[in-house]
Amino acid sequence: MRTFHPAAMLALVAAVALGACAKKEPPPPPPTPVPAPTAVPTPVPFKVTSVDLGKSIGEDKKIKETAAAFAPKDTIYAAISSEGAAAKVTLKAHWTFGAKNQVVNEETRDIAPTGPAVSEFHIAKPSGWPVGKYKLEVSADGASVATKDFEVKK
Amino acid sequence: MAFPDEKEPDFSDVESGSSSSAAKPKDEVVTRTYTVVGGDSLSKIAKKIYGDGGRWTEIFDANKDTIKNPDMIHPGQVLKIPGA
């Protein structure tokens with residue numbers, strides 16, 4: 001009967017083990033690209049940030065040069081800057097004259113802003129504005145958000 | 001005889017307008033006002049604003065909170081003018 005020398009047996013076991021270790025593993029799959037985290041925008045609630053008065057506006061609806069005093073034949077513009085989004089906001093411009101707050105004009109406009117916006121209201125009086133002090137009150141959805149005093153001088 | 005409102009200026013010829021860089025809601029509504037002067041009637045105002053005196057009912061409907069009788073409007077009264 002043929003016998004194996006223990007050293008030969010060890011060598012055989014080592015060779016088998018080595019062979020097993022040397023077996024090529026399949027290459028790992030390429031790492032799946034992790035999409036960069038995208039910032040989820042927090043909805044900004046609608047808010048009026050400023051109200052400016054002037055004699056003219058640009059294409060962006062902003063007042064070209066703010067003013068607090070006007071001439072009788074001027075068209076008076078009010079530019080209402082806002083930020084935030086809303087499905088519907090009702091802006092109102094309420095113009096009054098004198099200490100008795102006599103109503104000069106009132107106009108409302110519905111808007112659906114999706115971000116920063118400028119809305120303008122304007123009034124003119126072909127026969128000329130009476131000299132005196134005026135006030136503009138701006139409201140959004142019925143809540144007063146700003147008032148502006150101005151004057152008409154000769 | 002002096003009336004308290006006698007010296008109040010007449011703002012009935014005030015012209016107004018508005019615009020916005022924001023989008024319009026689907027059911028956009030724009031309303032302005034008109035200050036009644038002596039001799040006015042709703043049909044005269046409708047003729048002046050819309051060019052059609054027959055549209056006085058639109059003004060009446062928009063002002064039912066302040067006008068109980070369409071034949072009774074008074075100088076200085078501020079009316080809402082729908083869709084003008």
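Within the stretch B:60-74, can one find any residue that is assigned to a loop (DSSP other than H, G, I, E, B), away from chain A (no Cβ under 14 Å), of a type in the set (Val, Ile, Thr) and open to solvent by less than 70 Å² (accessible area, probe 1.4 Å)?
yes
Within the stretch A:94-128, take every residue that is more than 7 Å from chain B (Cβ to nearest Cβ) and farther than 17 Å from A:Lys148 by Cα and give me the one that is most open to solvent (accessible area, probe 1.4 Å). I'd like the intermediate steps shown before the answer.
Kept after step one, since they are more than 7 Å from chain B (Cβ to nearest Cβ), are these residues of the stretch A:94-128: A:94-96, A:98-101, A:115-116, A:128.
Then drop every residue that is not farther than 17 Å from A:Lys148 by Cα, which leaves A:115-116, A:128.
Values: A:Gly115: 15, A:Pro116: 121, A:Gly128: 12 Å².
In this case the residue turns out to be A:Pro116.
Yes or no, residue by residue, for (1) part of a strand (DSSP E or B); (2) at the interface with another protein chain (Cβ under 7 Å from one of its Cβ atoms):
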site	(1), (2)
B:Lys7	no, no
B:Asp13	no, yes
B:Ser16	yes, yes
B:Glu28	no, yes
B:Thr31	yes, yes
B:Val37	no, no
B:Ser43	no, no
B:Ala46	no, no
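With respect to A:Ile80, is the statement that it is in contact (Cβ under 8 Å) with a residue 60 or more places away in the chain, assigned to a strand (DSSP E or B) and under 18 Å from A:Val44 (Cα atoms) true?
So A:Ile80 passes the test.
Go through the stretch A:25-68 and report how many residues are part of a loop (DSSP other than H, G, I, E, B), polar (S, T, N, Q) and modelled with pLDDT of 95 or more. First the steps, then the outcome.
Quick first cut of the stretch A:25-68, residues part of a loop (DSSP other than H, G, I, E, B) only: A:25-44, A:46, A:55-56, A:58-62, A:64-65, A:67-68.
Now drop any that are not polar (S, T, N, Q), which leaves A:32, A:38, A:42, A:56.
Narrowing the set further to residues that are modelled with pLDDT of 95 or more leaves A:56.
Qualifying residue count for the region: 1.
Would you confirm whether any residue within the stretch A:69-77 is at pLDDT 95 or above, surrounded by fewer than 19 Cβ atoms within 10 Å (Cβ to Cβ) and under 27 Å from A:Ala112 (Cβ atoms)?
Yes; the residues of the stretch A:69-77 include at least one that is at pLDDT 95 or above, surrounded by fewer than 19 Cβ atoms within 10 Å (Cβ to Cβ) and under 27 Å from A:Ala112 (Cβ atoms).
For A:Ala85, are the conditions met, namely being exposed (fewer than 13 other Cβ atoms within 10 Å of the Cβ), hydrophobic (A, V, I, L, M, F, W, C), more than 25 Å from B:Lys80 (Cβ to Cβ) and touching a residue at least 12 places away in the same chain (Cβ under 8 Å)?
Here the answer is no, as A:Ala85 does not meet what is asked.
The values are calculated or read from the model by the stated rules, or taken from the named source; none is laboratory data. Source: prediction; values computed, not measured. All Cβ positions, glycine included, derive from the backbone under ideal geometry; neighbour counts span all protein chains shown. The protein model used for the area step is the full one, side chains on, heavy atoms only, and it has no ligands, DNA or RNA in it. Shrake-Rupley method; radii C 1.70, N 1.55, O 1.52, S 1.80 Å.
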